């Protein structure tokens, strides 16, 4: 076999690229530190751009650390978490960007979801991704912690609370966007069951936008036992692998990526049993990633989908699927007709018709 030869420039460029990959974890730590310091909240509360000393003071950062904090902010600006502008005196001032706006504690706040994914329980098992390929364990999480992620949620109430809060915060954002961009998907439905809907944020968004739709949330008994229904949403304890309450439509928001193909087929079959025919308005609505399909024009959009797939592989037996993989489980569950509508950047709405 002929030995490949590379130029010095190619090797140096490759070294730089390897370094870029090497320091990727520091991006996560920059995001984590931003949340811990509350930088976005401080800028929002101030109501206008702030210079470095004003921002440091509002965060109670001592004078001895202000210079280092300035270096940190410089990196955050490069990462587009914050932006800068110059005042009339040429002083640099910091302000929010669309990304950091999502970190402000208001209705669109995604901080609980970020805190969840930055928690050691969610990211530490990635350290054994390599050894796991030669391990009999089902997931890297199980290899690293000796138990499944769902067992940790059952045993540690604080982690379970963080998990539920993270999912709920994502549903607030997704619910608003779905009803703005994909409202026709839910138009005319008399009833809908949100399977694995947790605290009901997604179901409430649908009920607010479509008052004619009776919304029910199905989740495990320990999730819904303390939740009280109202005129908008009813909560039902149960197991989606056993049965799903009857309705015109079933919603599966970010559920199927947690499970392997066989498990997904079982879930879809139970959902199919719960809905009427297509002629009578029956359908299943899936909100999940379709790898390779995105409305996000950034070069890293597909990379993010692929990294999300590695996260699923690390934590559970599920995966992020491309259209061909979705079609496989859709067909195996007995559906012949489906429609994919990309929205919210990396995710899509998949409608299945019996």
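Annotations
- Residue 191 being out of contact with any helix residue (DSSP H, G or I) (no Cβ under 8 Å at 6 or more places or on another chain), crowded, with 16+ Cβ neighbours inside 10 Å and farther than 30 Å from residue 52 by Cβ: yes
- Selection count, segment 105-135, where residues are touching a residue at least 60 places away in the same chain (Cβ under 8 Å), part of a loop (DSSP other than H, G, I, E, B) and within 17 Å of the chain's Cα centre (by Cα): 4
- Within segment 229-259, tally of residues that are exposed (fewer than 15 other Cβ atoms within 10 Å of the Cβ), in contact (Cβ under 8 Å) with a residue 12 or more places away in the chain and assigned to a loop (DSSP other than H, G, I, E, B): 5
- Segment 196-227, subset touching a helix residue (DSSP H, G or I) at 6+ places or on another chain (Cβ under 6 Å) and part of a strand (DSSP E or B), residue nearest to residue 164 (Cα to Cα): 217
- Listed conditions (1) part of a helix (DSSP H, G or I); (2) within 24 Å of residue 344 (Cα to Cα); (3) touching a residue at least 24 places away in the same chain (Cβ under 8 Å) are all met by residue 77, apart from (3).
- Within segment 1-67, helices (runs of 4 or more DSSP H) holding 3 or more residues that are within 34 Å of the chain's Cα centre (by Cα), touching a residue at least 24 places away in the same chain (Cβ under 8 Å) and surrounded by 10 or more Cβ atoms within 10 Å (Cβ to Cβ): 24-37, 39-46
- Restricting segment 277-304 to residues that are surrounded by 15 or more Cβ atoms within 10 Å (Cβ to Cβ), over 17 Å from the mean Cα position of the chain (by Cα) and in a loop (DSSP other than H, G, I, E, B), the residue that is modelled with the lowest pLDDT: 281
The values are calculated or read from the model by the stated rules, or taken from the named source; none is laboratory data. Predicted, not measured: the structure shown is a model, and the values here were computed from it. Cβ sites come from the backbone with ideal geometry, for glycine too, and all protein chains shown count toward neighbours.
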